[in-house]
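Asks: Before I ask anything, here is the structure I am working with.
Quick note: the coordinates plus some simple rules give every number you see, no bench work behind them. Just so we're clear, the structure is a prediction, and the values are computed from it rather than from any experiment. Cβ sites come from the backbone with ideal geometry, for glycine too, and all protein chains shown count toward neighbours.
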Amino acid sequence: MTAPSAKRSDSQQMKAIVRTKYGPPEVLQLKEVARPTPKDDEVLIMVQAVSVNRSDWEMLLGAPLYARFGGLLRPRHKILGSDIAGRVEMAGRGVTRFRPGDEVFGDNLVRMGGFAQYVCAREKVLALKPARMTFEEAAAIPQAGVIALQGIRDKGKVQAGQKVLINGAGGGAGTFAVQLAKSYGAEVTAVDNTGKLDFMRSLGADHVIDYTREDFAKNRQQYDLILDVVAHRSAFAYRRALRPEGRYFAVGGSVAALFQILFLGPWIGRTTGKRIRVLAVRPNLEDMVHVAELCEAGKVVPVIDRRYPLGEVPEALRYLGEGRAKGKVVITVDHSKT
Ligand SMILES: NC(=O)c1ccc[n+]([C@@H]2O[C@H](COP(=O)([O-])OP(=O)(O)OC[C@H]3O[C@@H](n4cnc5c(N)ncnc54)[C@H](OP(=O)(O)O)[C@@H]3O)[C@@H](O)[C@H]2O)c1
């Protein structure tokens, strides 16, 4: 075992999936690049698994426009990938909570860089990986799990017997949201495409709607909470689909829909008592750990649809971007092969 680690420290190189411009998965290349060095408040992590989020896809394309935050013409991050799980290789001087060898996971949204053999992450975004959880399972949790927890528990304040609709329920955040809402005793309607209906039932959804055939905002049903991963309707359509005092939160969607919700939501609230808002999800270590604990306890399952090796990140992103993924897609970084 001494030879490989000696080789790593000699070369200080690593393999990574790199891009220099916005575009389709073809702009991504597997390259040898310099291994990053941790700052005082960071650790260097040997990546074991990293999950793919829609935000990676959006940042790859540079669309919607909000995905160009910090880099309007050229991408701010050459290496994407935020939901990381791996082993601490080296700790910065100011790091107190981790040491080399610790198994950690976290949402590295500010630094990104997870589609690589090594990544630096600030100590404050990381937690110890539960021992019984695999690196893949841990990597599936951070962004999607926290979106779902903040949407269902904190903002949605879901209670037993309430009617909850999750739009985009078959994807990463949606699969956690369906399970969480069910665990709080809600009656859950899950909306996604035709190919995901059985899958959403298997997560516990009481009702499913195929968005290619039916518009949930036009079927006269009303809900106590709508958590929308892909908002693209008018704010008035959402108002129609809410019960009196109901809550609607958009997590992602078209820029036009999100702006309309931002501007009209408060006015709709004042005139009808229905709350229509954009949910600004705050990466939160406590929330991430809480979702991991729910997973450990078997109350929620991090659903992994497919696993890809590091060299196939472009295919993994395409699979998710084309809307085929049921739950999460995870990259497994095999250091003996890469
Ligand atoms: N607000 C915040 O602070 C915050 C923070 C982090 C991330 N985000 C955003 O949160 C979102 C998270 O998404 P995710 O990771 O769960 O994405 P995902 O895994 O791609 O899931 C999205 C699901 O929605 C489905 N879908 C697409 N169009 C739909 C429609 N018209 N009606 C119903 N379902 C539809 C997709 O399937 P098909 O495409 O096959 O139809 C897919 O199953 C991203 O947009 C990300 O940018 C927001």
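Asks: Among the residues of the stretch 284-332, write down those that are within 22 Å of Val47 (Cβ to Cβ), within 15 Å of the ligand (Cβ to nearest atom) and part of a helix (DSSP H, G or I).
Replies: Once the filter is applied, which keeps residues that are within 22 Å of Val47 (Cβ to Cβ), within 15 Å of the ligand (Cβ to nearest atom) and part of a helix (DSSP H, G or I), the stretch 284-332 yields Met288, Val291, Ala316, Leu317, Arg318, Tyr319, Leu320, Gly321.
Asks: Which count do you get for residues in the stretch 196-237 that are of a type outside the set (Lys, Arg) and in contact (Cβ under 8 Å) with a residue 60 or more places away in the chain?
Replies: Residues in the stretch 196-237 being of a type outside the set (Lys, Arg) and in contact (Cβ under 8 Å) with a residue 60 or more places away in the chain: 11 in total.
Asks: Filtering the stretch 178-233 down to residues that are more than 9 Å from the ligand (Cβ to nearest atom) and among the aromatic types (Phe, Trp, Tyr), which residue is surrounded by the most Cβ atoms within 10 Å (Cβ to Cβ)?
Replies: Among those that are more than 9 Å from the ligand (Cβ to nearest atom) and among the aromatic types (Phe, Trp, Tyr), it is Tyr223.
Asks: Separate question: Kindly indicate the residue of the stretch 162-177 that is part of a strand (DSSP E or B) and more than 13 Å from the ligand (Cβ to nearest atom) and also surrounded by the fewest Cβ atoms within 10 Å (Cβ to Cβ) among those meeting that condition.
Replies: Only one residue tops the list, namely Lys163.
Matching residues to (1) within 16 Å of the ligand (Cβ to nearest atom); (2) of a type outside the set (Asp, Glu):
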{"position": "Ala67", "(1), (2)": "yes, yes"}
{"position": "Leu73", "(1), (2)": "no, yes"}
{"position": "Arg76", "(1), (2)": "yes, yes"}
{"position": "Glu89", "(1), (2)": "no, no"}
{"position": "Gly94", "(1), (2)": "no, yes"}
{"position": "Arg99", "(1), (2)": "no, yes"}
{"position": "Asp102", "(1), (2)": "no, no"}
{"position": "Lys124", "(1), (2)": "no, yes"}
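Okay, residues lined up against (1) assigned to a loop (DSSP other than H, G, I, E, B); (2) over 13 Å from the mean Cα position of the chain (by Cα); (3) farther than 18 Å from Val229 by Cα; (4) among the hydrophobic types (A, V, I, L, M, F, W, C):
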site	(1), (2), (3), (4)
Ser55	no, no, no, no
Ala63	yes, yes, no, yes
Ala67	no, yes, no, yes
Gly70	yes, yes, yes, no
Arg74	yes, yes, yes, no
His77	yes, yes, yes, no
Glu89	no, yes, yes, no
Val95	yes, yes, yes, yes
Phe98	yes, yes, yes, yes
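Asks: Okay, moving on. Residues that are small (Gly, Ala, Ser), surrounded by fewer than 18 Cβ atoms within 10 Å (Cβ to Cβ) and assigned to a loop (DSSP other than H, G, I, E, B): does the stretch 104-122 have at least one?
Replies: Within the stretch 104-122, not a single residue is small (Gly, Ala, Ser), surrounded by fewer than 18 Cβ atoms within 10 Å (Cβ to Cβ) and assigned to a loop (DSSP other than H, G, I, E, B).
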